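Structure record follows, encoded as structure tokens.
Each reported figure results from applying straightforward, stated rules to the coordinates on display, with no laboratory input. Worth saying up front: this structure is predicted, and the values here are computed from it rather than measured. Positions of Cβ are backbone-derived with ideal geometry, glycine not excepted, and every protein chain shown enters the neighbour counts.
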Amino acid sequence: MNSQFEATPLPLPLPSADLLSIARLVPQGSRVLDLGCGTGELLAYLINQRGCSGYGVEISDANVQACVARGVNVMQLNLDEGLALFADNSFDVVLQIDTLQHLRNAEIMLRETARVGRMGIVAFPNFAHWPNRLAVLRGRMPVTKILPYQWYDTPNIRVGTLRDFEALALQNQLHILDSFGLQDGREVRFWPNLRATRAVFKFQGQLPL
Amino acid sequence: MPSDLLLTPTPQSMHFANELLLQSGKSIRAYDISYETYGELNADKSNVVLICHALNASHHVAGVYLDAAGQPVKKSEGWWDTMIGPGKPVDTNRFFVIGVNILGSCFGSTGPMQANPDTQQIYGADFPVVTVQDWVNVQALLLDALGIETLAAVMGGSLGGMQALSWTLQYPDRVRHAVVVASAPNLTAENIAFNEVARRAIVTDPDFHAGHYGRHNVLPKRGLRIARMIGHITYLSNDVMNEKFGRQLREISSEHASGYRFSTQEIEFQIESYLRHQGDKFAEYFDANTYLLITRALDYFDPAAAFGGDLSRALSVAKAGFLLVSFTTDWRFAPARSREIVKALIDNQLDVSYAEIDAPHGHDAFLLDDTRYLGVVRSYFESKVLL
């Protein structure tokens, strides 16, 4: 058997510091949909440590199998095809952690997130982080730990900043509940657009007046 | 040589003396059901996995038969031997697997080829129409007879997947997990159409004799051949068929520069030769009346029908955890059909995982050796079933 798909029971490592910070935003006992859930690490943590339930969505075969091996519910779907499987307001929290930057239909998916969830949490690499700005000032696209790809072969087809997301949220009538930067698991609330590698937004769809 | 790792099952049969009322309102007074078991039943009987078969299969799910000299019989592997066995995704070192044969089959269970106990006549066309629900009821009775209350899992592909799904609705308290592979919540009109063509091929065979061919000592083999050829085309994908056969000629004619023999009757292309071979093989071992019954059961299956077509409401009684698997090139039981089931399960907040395997083989992929497919089933059984 191909070792990539061999089903060895996976260890349950603690999520990275950033993931732990994001996990703290998810209320205890929430029903969660994790879009682009990878190997199901965060969802498993939320289920085991915060009494949550729900589903992950993944496209990669190996990740789907890893989720199943962890006992995490997972749907193998292409997010660029939408969220037709999920009813309006059927989740307390919809997560898009390091997912938005890979999507062709990023804006539609944001609206879908607001439709399906009572709250959305989005995290993505902040392109305005100062080392990135410095690289661009020097005339080169940045290659960093969080954006480790060359400009010509990156899976991150969208790069944006905290300010960019604020504008996009406004344009889609999303109500931002909270936003901050993340730097090695620490919340950065002072000049986050300059000082944080990662942007985090908590939002909901516009409530009817 | 047989080894510890070689499964060598023995077909068994259970006799039921009580009358069975069928969904149609008709009944069967007494009947037998064939089954095979693999692995050991544990002390609290919590490791039972029931395998439901698809259209042309039987209770012989895994392992090989032995001949009188104790040697494995060639080509006697069970139809899901890639999936089930010692160390395989459904590991018979851990699970007690039961392969069960449906009522109406031609592989040992009571069916159209047997005699009606009331009349001592071969049933033939008089065998009552059976449904997926009837089959599940019979399987539940078999478990009762074996003293098994609950299933760790029920599993099947295609028609077998429909049975697995139906289990979770008919006996929600008896099923902990359901693995539904390459299946659908009902057949599309196109699928029913294919079934109808197959049935018409059989019933219009001059040897069919309104289903009582047994009394005339003939078999409607021509019809069965054509039915199988149609079915076979639809179980494969265009890509796989092209890759395997393309436009290859069976024999190149030396008389014409094109290589064609310019005959409408003879076999020209390899694909024709292959289909005829498959059809011939099938007509040798499969019973025409059973084919009619099974395709009809496929047509009828539709758990949402009683709920105005609302599958979410239909599945609201289910309690099991689910794994669904579909294959991207399967156009008879397309991924979209599996997603309908997945959506209805999500609507009911049930535990469900769904794998959509990008395999080239069409519907038949569910019987083949695909590491991603087998891997995800293995992971499901290792992480979820028996927990």
Once you list every other residue whose beta carbon is under 12 Å from the beta carbon of A:GLN171, what net charge do they have if Lys and Arg are +1 and Asp and Glu are -1?
-2
Take the alpha carbon atoms of region B:4-30, find their center, do the same for region A:62-122, and report the distance between the two centers in whole angstrom.
45 Å
Percent of Cα-Cα pairs more than 12 Å apart in region B:331-372, please.
64 percent
Quick check on chain A: helices-only [θ] at 222 nm, where DSSP H runs of length 4 and up contribute -39,500 (n - 2.57) each and the sum goes over total residues. Nearest 500, please.
-8000 deg cm²/dmol
Would you work out which of A:ILE157, A:THR99, A:PHE127 lies farthest towards the positive end of the dipole of region A:55-174, given +1 charges on the beta-carbon of Lys and Arg and -1 on that of Asp and Glu, about the Cα centre?
A:PHE127
Full extension from A:ARG50 to A:GLN173: what is 0.36 nm times the residue separation minus their Cα-Cα distance, to one decimal in nm?
41.3 nm
For A:75-87, mean number of other protein chain Cβ atoms within 10 Å:
4
Give the peptides A:65-72, A:169-176 in descending order of average Cβ contacts within 10 Å, highest first.
A:65-72, A:169-176
Taking springs between alpha-carbon atoms closer than 10 angstrom, which of B:LEU21, B:LEU368, B:LEU159 fluctuates most in the Gaussian network model of chain B?
B:LEU21
Added length on full extension, which subtracts the Cα-Cα distance from 0.36 nm per residue, B:THR188 to B:LYS74:
37.3 nm
Note down the net charge around A:ARG158, summing +1 for each Lys or Arg and -1 for each Asp or Glu among other residues with Cβ under 14 Å from its Cβ.
-3
If the viscosity is 1.306 mPa s and the temperature 10 °C, what Stokes-Einstein diffusion coefficient in µm²/s follows for chain A when Rh is the Kirkwood radius over Cα pairs?
90 µm²/s
Sorting B:MET241, B:SER263, B:GLY309 by the position of each Cα along the dipole of region B:219-344 (Lys, Arg +1; Asp, Glu -1; all at Cβ), the one nearest the positive end of that ordering is B:GLY309
Sort region B:184-320 into rounded, prolate or oblate with this rule: let a ≥ b ≥ c be the square roots of the eigenvalues of the Cα gyration tensor; rounded if a/c is under 1.5, and if a/c is not under 1.5, prolate when a/b is larger than b/c, oblate otherwise.
oblate
Charges only on Cβ, +1 for Lys and Arg, -1 for Asp and Glu: so what's the dipole of the protein assembly as shown about the Cα centre, in debye to the nearest 20?
1440 debye
Separation of the A:GLN28 and B:THR150 label points, Cα + 7 Å toward Cβ, nm
2.8 nm
Order A:192-203, B:319-330, B:278-289 from most to least packed using the mean count of other Cβ atoms within 10 Å.
B:319-330, A:192-203, B:278-289
Neighbouring Cβ atoms within 10 Å as the yardstick, rank B:THR131, A:THR154, B:THR10, B:THR110 fewest first.
B:THR10, A:THR154, B:THR131, B:THR110
Using the alpha carbons of the protein assembly as shown, what is the convex hull volume per residue in cubic angstrom, as a whole number?
208 Å³
Less than 12 Å Cβ to Cβ from B:TRP79, Lys/Arg counted +1 and Asp/Glu -1: what total charge do the surrounding residues give?
-3
Whole Å is fine, so just give me how far the alpha carbon centre of region B:69-138 lies from that of region B:314-336.
23 Å
Note down the magnitude of the dipole of region A:1-152 about its Cα centre, charges +1 on Lys and Arg C-beta and -1 on Asp and Glu C-beta and zero elsewhere, to the nearest 20 debye.
580 debye
So if we plug the beta-carbon distance of B:ARG215 and A:ILE108 into 1/(1 + (r/R0)^6) with R0 = 45 Å, what FRET efficiency do we get, rounded to 0.05?
0.10
Among B:LYS45/B:LYS319; B:LYS319/B:LYS384; B:LYS45/B:LYS88; A:LYS202/B:LYS384; B:LYS74/B:LYS281; B:LYS74/B:LYS221, the pairs whose Cα-Cα distance exceeds 23 Å are A:LYS202/B:LYS384; B:LYS74/B:LYS221
With +1 assigned to the C-beta of every Lys and Arg and -1 to the C-beta of every Asp and Glu, and no other charges, what is the dipole magnitude of chain B about the Cα centre in debye, to the nearest 20?
260 debye
Taking each residue in B:345-356, count the Cβ atoms of any other chain within 10 Å of its Cβ, then average. What number comes out?
6
Taking beta carbons within 10 Å but only from partner chains, what does the mean come to for residues A:61-67?
6
Of the residues B:THR92, B:THR295, B:THR204, which exhibits the maximal mean-square fluctuation in a Gaussian network model of chain B defined by a 10 Å Cα contact cut-off?
B:THR204
To the nearest 0.05, the calculated FRET efficiency linking A:GLU187 and A:ASN89 through their beta-carbon distance, R0 being 25 Å, is 0.35
Shape call for chain B, from the Cα gyration tensor axes a ≥ b ≥ c (a/c under 1.5 means rounded, otherwise prolate when a/b beats b/c, else oblate), comes out rounded
Quick one: helix B:159-170 against the long Cα principal axis of chain B, what's the angle to the nearest 10°, folded into 0 to 90?
20 degrees
Would you be so kind as to identify which of B:SER273, B:MET229, B:GLY211 lies farthest towards the positive end of the dipole of region B:194-275, taking Lys and Arg as +1 and Asp and Glu as -1 on Cβ and the Cα centre as origin?
B:GLY211
Classify region B:179-222 from the C-alpha gyration tensor, please: rounded if a/c falls under 1.5, else prolate or oblate depending on whether a/b exceeds b/c.
prolate
For the Cα atoms of chain B, what angle does the longest principal axis make with the long axis of helix B:221-235, in degrees from 0 to 90, nearest 10?
70 degrees
Between the helical axis of B:189-203 and the dominant principal axis of chain B, each derived from Cα atoms, what acute angle in degrees is found, rounded to the nearest 10?
60 degrees
